[in-house]
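A quick write-up on the structure given underneath.
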């Protein structure tokens, strides 16, 4: 009987928290609900909805999840820009019993490289390079074609404990909260947060190996990973050198809350500054719950980048997404970030730190819902609050707008 319920639930593509009322689906890394699993080996609240198509065969539990955005982007101010672009993500995963434990396989791909190596305009965004010679400033880099190709294996020691190993090429080390594309509080936004390179930029590492231990609602893990950010060749794989360490402690004290704290040493993360290493500390709290019966998730995160040699730079992020009546989604994000890459080499303010603020508010309407997919249209406005020392370069309170169409598997 239980097997029949399991098969029917997965073929129907139901959301896991609803299915969990009749049976508990175990995650690939230990004796906890599958809904807790997020990007890499990170955790999210147990009550978080899991969108996607789910199928159960004789041996495999399979899932397919993805979305695609077509975006019109107009960034304001003196250093703004305009572009049509598309972002996308398709993730396939499977797990099965193998020997004394559980084998997990996951792949995540994106057609972001098709937008071009310069990515899309995004005021105050920094990090990576478009051509190996010039840094990307006020632009968001495209993600690689292969964002994750990973394998994991876990063994339950008893009903409350497990040990696991994870390897990805590319993959995600034990650092930071779930990446913004997989956070329920962020996945409906059409753009990356400007704190991306303080919190979750290591989600695409050309080589990441993790060992972890789970005890009830606590998880401790350590990783070795390639500290250098991906190069400008977005369609290929790079050498998986494990030259950087990371460690993370995660705790889900109840079904609606996920906490994490992590530390890493990144060896030579920027190709244009190979002599600079970086220490990174992050801490975050994600809450998933209900507001008048409607799903609502909020994430608060802090990241500190300590460049060696260089500046110590903080980033704070607060974001929330509220869905109501299954068709309407409200979203908001507030960020406060210390940036020292807003001016390139040769300019007199190169590597001078500035504290910048960004406030984004948006709305998404799903005008077509099918059994396993939905189509929507959204609008997002952003106001950047800058110190007076930047107004000559950026203008007074630049205003930006994104309008987009979104297709998503559910």
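Read-outs: derived from the displayed coordinates by stated rules, not from any lab. Just so you know, these numbers come straight off a predicted model, no measurement behind them. Cβ sites come from the backbone with ideal geometry, for glycine too, and all protein chains shown count toward neighbours.
Couple of notes before you dig in:
- Applying 0.36 nm per residue to the separation of residue 372 and residue 155 and subtracting their alpha-carbon distance, the gain on full extension is 74.8 nm.
- Intensity falloff of the range 333-410 expressed as log10 I(q)/I(0), Debye formula with alpha-carbon point scatterers, at q = 0.12, 0.17, 0.18, 0.20 Å⁻¹: -0.52, -0.75, -0.79, -0.87
- The range 228-343 - Rg and Dmax from Cα coordinates, angstrom: 18.1, 53
- A convex hull fitted around the alpha carbon atoms of the range 261-410 yields 152 Å³ per residue.
- Relative intensity, log₁₀ I(q)/I(0), of the range 324-370 from a Debye sum that treats every alpha carbon as a point, q = 0.15, 0.17, 0.27 Å⁻¹: -0.59, -0.64, -0.94
- Helix-only mean residue ellipticity at 222 nm for the chain, each DSSP H run of n ≥ 4 adding -39500 (n - 2.57), per residue, nearest 500: -1500 deg cm²/dmol
- This structure gives semi-axes √(5λ) of the Cα gyration tensor in Å, computed directly, and of (1) 55, 24, 19; (2) 34, 25, 19; (3) 38, 25, 22 that value is listed as (2).
- The chain: angle of helix 2-11 to the longest principal axis, Cα-based, in degrees nearest 10: 30 degrees
- Only Cα pairs under 8 Å and 6+ residues apart enter the sum, and on that basis the relative contact order of the chain stands at 14 percent.
- Length-normalised contact order for the range 197-299 - Cα pairs under 8 Å, 6+ apart - percent: 21 percent
- Within the range 246-281: backbone nitrogen closer than 17 Å to the residue 239 label point (7 Å, Cα to C-beta): 267-275
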